[in-house]
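Taking it in order: structure first as structure tokens, then the write-up.
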Amino acid sequence: MCSSTLLIGWRDPASRHSAVSRTTSVTTSRTGTVRERVGPRRDAAALRTDWFPLRLRRRQHPNQTDRRLPFPLVPQQQPEQQAPPVQRLRVRYAKRGRLRFTSHRDFSRAFERAVFRARIPMAYSSGFNPHPRISYAGAAPTGSASEAEYLELALAEVVVPADVHAQLDEALPPGLDVLEVVESPGGSLSDLLEGSRWRIDLAADRDATTAAVERFLAADETLVERMTKKGMREFDARGAVVSLVVLPEDPAAGGRTSLDVVLRHGTPAVRPDDVLRGLESVAGLPAGEAPLMTRAAQGPLSDSGEVGDPLAARA
């Protein structure tokens with residue numbers, strides 16, 4: 001049992017007399033602490049606030065190795081290690097219609113449920129909470145349609161890509177459509193996604209849009225602002241634009257003016273709505289209500305500004 005001694009007294013700095021008349025020893029049953037404290041004071045001056053402790057002494061705690069635990073230590077259980085994947089598949093899918101408003105997190109949950117319903121032999125991560133090994137790359141912003149979204153599946157068994165294509169397309173809801181499934185040749189899928197081609201349909205005058213595009217391309221820098229997780233951020237929207245043209249009139253656009261935009265991927269990532277803010281900044285062009293933004297292609301970016309197919313190089 002450890003013990004400590006606490007001796008407390010009071011002394012008036014202006015007096016030679018001690019204010020302590022006697023001491024009392026008290027032992028606590030829980031910690032075995034022995035304290036010597038003062039008894040009644042004989043002088044009313046002892047109540048003055050400028051008096052201070054005369055002595056304070058405490059014995060050091062014994063060595064920690066002398067203590068004994070009331071229960072034995074149980075070795076921590078190690079998580080199960082999963083086997084490495086034997087096959088990887090790359091998937092191109094589309095977000096259409098109202099499902100373009102699906103966030104990336106909601107889509108990932110829906111896709112994992114579809115993988116489970118389709119009984120795809122997925123490889124799982126190691127740890128106490130294993131998850132199917134799915135790698136997403138270059139997801140489109142919420143509210144944007146896309147014909148070129150990509151992900152990669154890691155499988156525990158070798159399967160036929162065409163069968164996975166049919167099973168996933170049947171398990172996913174309409175609007176989330178699997179377009180292509182190929183075997184991965186290796187390497188990083190994200191490194192192949194260097195740029196994107198977008199089509200923007202906006203309710204604006206064609207002549208005013210053409211003039212705004214010319215002023216935007218002539219500018220060396222166009223600063224725009226966007227709200228991010230870290231607050232309002234200002235960046236250059238012009239530097240990421242590889243090409244920007246006004247498309248010919250299309251009856252399918254419903255009388256809207258259509259733009260074809262090629263954006264280079266980088267940090268910070270410039271989105272099509274940032275380009276619309278840039279057009280409004282340099283020429284005062286309003287984007288109108290709810291412009292429709294659709295990603296038409298995504299992949300490696302050539303020197304001529306063309307966006308290639310990341311699934312073209314196959315094993």
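The values are calculated or read from the model by the stated rules, or taken from the named source; none is laboratory data. All values reported here derive from a predicted model rather than from experimental measurement. So basically every Cβ, Gly included, is an ideal-geometry build from the backbone, and we count neighbours across all protein chains shown.
At-a-glance table
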| item | result |
| --- | --- |
| Filter result (closer than 23 Å to ALA253 by Cα, touching a strand residue (DSSP E or B) at 6+ places or on another chain (Cβ under 7 Å) and either free of Cβ contacts under 8 Å to residues at least 40 places away in the same chain or assigned to a strand (DSSP E or B) (or both)) within segment 279-306 | LEU292, MET293, THR294, ARG295, ALA296, ALA297, GLN298 |
| Pairs with Cβ under 6 Å, 6+ apart, first in segment 89-116 and farther than 14 Å from HIS165 by Cβ, second at pLDDT below 95 and basic (Lys, Arg) | none |
| Any chance MET227 is in a strand (DSSP E or B), modelled with pLDDT under 95, more than 29 Å from TYR93 (Cβ to Cβ) and not polar (S, T, N, Q) | no |
| Residue match in segment 85-92 (condition: hydrophobic (A, V, I, L, M, F, W, C), touching a strand residue (DSSP E or B) at 6+ places or on another chain (Cβ under 8 Å), at pLDDT below 55 and not in a helix (DSSP H, G or I)) | no |
| Lone qualifier among LEU247, LEU259, LEU263, LEU276 - being closer than 17 Å to GLY143 by Cα and in contact (Cβ under 8 Å) with a residue 12 or more places away in the chain | LEU276 |
| Residue list for segment 245-278, filter: part of a loop (DSSP other than H, G, I, E, B) and under 21 Å from GLY305 (Cα atoms) | LEU247, PRO248, HIS265, GLY266, THR267, PRO268, ALA269, VAL270, ARG271 |
| Residue identified as more than 30 Å from VAL182 (Cα to Cα), of a type in the set (Ser, Thr, Tyr) and surrounded by 13 or more Cβ atoms within 10 Å (Cβ to Cβ) among THR257, THR294, THR228 | THR257 |
| Test result for ASP260, of a type in the set (Asp, Glu) and modelled with pLDDT under 95 | no |
| Odd one out for PHE216 among (1) surrounded by 19 or more Cβ atoms within 10 Å (Cβ to Cβ); (2) touching a residue at least 60 places away in the same chain (Cβ under 8 Å); (3) under 19 Å from ARG295 (Cα atoms) | (3) |
| Test: GLY239 is outside any strand (DSSP E or B) and within 18 Å of TYR150 (Cβ to Cβ) | no |
| Single condition GLY239 does not satisfy, out of (1) over 22 Å from GLY143 (Cα atoms); (2) modelled with pLDDT of 95 or more; (3) within 26 Å of the chain's Cα centre (by Cα); (4) not basic (Lys, Arg) | (2) |
| Of residues in segment 184-208 being touching a helix residue (DSSP H, G or I) at 6+ places or on another chain (Cβ under 8 Å) and crowded, with 18+ Cβ neighbours inside 10 Å, the one nearest to GLU280 (Cα to Cα) | LEU202 |
| Residue match in segment 240-254 (condition: of a type outside the set (D, E, K, R), exposed (fewer than 15 other Cβ atoms within 10 Å of the Cβ) and closer than 29 Å to SER190 by Cα) | yes |
| Checklist (1) acidic (Asp, Glu); (2) within 19 Å of ARG100 (Cα to Cα); (3) touching a strand residue (DSSP E or B) at 6+ places or on another chain (Cβ under 6 Å) applied to ASP309, failing item | (2) |
